[in-house]
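Notes follow the structure.
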Amino acid sequence: MGKIALQLKATLENVTNLRPVGEDFRWYLKMKCGNCGEISEKWQYIRLMDSVALKGGRGSASMVQKCKLCARENSIEILSSTIRSYNVEDNEKFKTIVEFECRGLEPVDFQPQAGFAAEGVESRTVFSDINLQEKDWTDYDEKAQESVGIYEVTHQFVKC
């Protein structure tokens, strides 16, 4: 059982406080079985609002899955207290935005999609439902009369 952190790196233009919004935010991941090394072909998402009971009354997890190859039951849990925003001072540096407790399932890839929000650095204008699937996002801050954007979104996983 180990903790794995998802770190984000991006270039922020005139926005800060980039964050996932709500308990229904979908973390799209590709998972690896810690037992046999099988990696899922399809993107799978986990959400804070999902809670699945573990066998034998050992608590719950965000996802419980049986490996297609070795049939081992594995699970992963989003640690809600570890969710952090990515801010203008984090610009172009890797920063942990969430940690997962991994019991046999290890995330090996992340695809940001819809459900992020951010706000204007000066104006505090809220930009909601930001989709980062293309790794770039642009808009215009009417209040500040300037363009805003999030560019070159990348990630890495690190063991905690």
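With a cut-off of 11 Å between beta carbons, the residues surrounding Pro20 carry a summed charge of +2, where Lys and Arg count +1 and Asp and Glu -1. Considering only C-alpha atoms, what is the centroid distance from the range 104-123 to the range 1-68, in Å? What the calculation gives is 12 Å, centre to centre.
If you sort Val126, Val52 by accessible surface, 1.4 Å probe, largest first, the order is Val126, Val52. Quick check: from the Cα gyration tensor, does the range 70-160 come out rounded (a/c under 1.5), prolate or oblate? Note, shape of the range 70-160 comes out prolate.
Among residues other than Asp141 with Cβ under 13 Å from its Cβ, the summed charge is -4 (Lys and Arg +1, Asp and Glu -1). Among Val15, Leu79, Asn91, which residue has its Cα furthest toward the positive end of the charge dipole of the range 2-159, with +1 on Lys/Arg Cβ and -1 on Asp/Glu Cβ? Of the options given, the answer is Leu79. Here the relative contact order of the range 2-159, from alpha carbon pairs under 8 Å that lie six or more residues apart, stands at 35 percent. Between the labelled values [x] 46, 35, 20; [y] 62, 40, 26; [z] 56, 26, 25, the entry that holds Cα extents along the principal axes in Å as derived from this structure is [z].
Charge tally around Ala117: other residues with Cβ under 11 Å, Lys/Arg +1 each, Asp/Glu -1 each, net -1. Using θ = phi - 60° in the Karplus curve 6.51 cos²θ - 1.76 cosθ + 1.60, the 3J(HN,Hα) couplings for the range 23-32 round to 6, 9, 4, 9, 8, 7, 9, 10, 10, 10 Hz; x is entered for Gly and Pro. The label-point distance for Glu38 and Val21, in a model that sets each label 7 Å from Cα toward Cβ, rounds to 3.8 nm. Stretched out straight at 0.36 nm per residue, the stretch from Val126 to Lys55 would grow longer than its current Cα-Cα span by 21.3 nm.
Each Lys and Arg contributes +1 and each Asp and Glu -1, all at the Cβ; summed about the Cα centre of the range 2-159, the dipole is approximately 1140 debye. Near the amide H of Leu54, within less than 5 Å, lie the amide hydrogens of Gly59, Ser60, Ala61, all on another chain or at least 5 residues away, with H placed in the peptide plane. Atom-type composition of the exposed protein surface of the chain places 43 percent of the accessible area on carbon and sulfur (1.4 angstrom probe).
Taken per residue, the accessible surface of the range 2-159 reaches 52 Å², heavy atoms only and a 1.4 Å probe. What Cys residues in the chain are without a partner cysteine, judged by a Cβ distance under 4.7 Å? Singleton cysteines: Cys102, Cys160.
The values are calculated or read from the model by the stated rules, or taken from the named source; none is laboratory data. The shown structure was predicted, so the numbers you read here are calculated from the model rather than taken from an experiment. Neighbour counts are summed over all protein chains in view; Cβ atoms, including those assigned to glycine, are modelled from backbone coordinates with ideal geometry. In case anyone asks, the SASA skips ligands and DNA or RNA and just uses the protein heavy atoms, side chains included. Shrake-Rupley method; radii C 1.70, N 1.55, O 1.52, S 1.80 Å.
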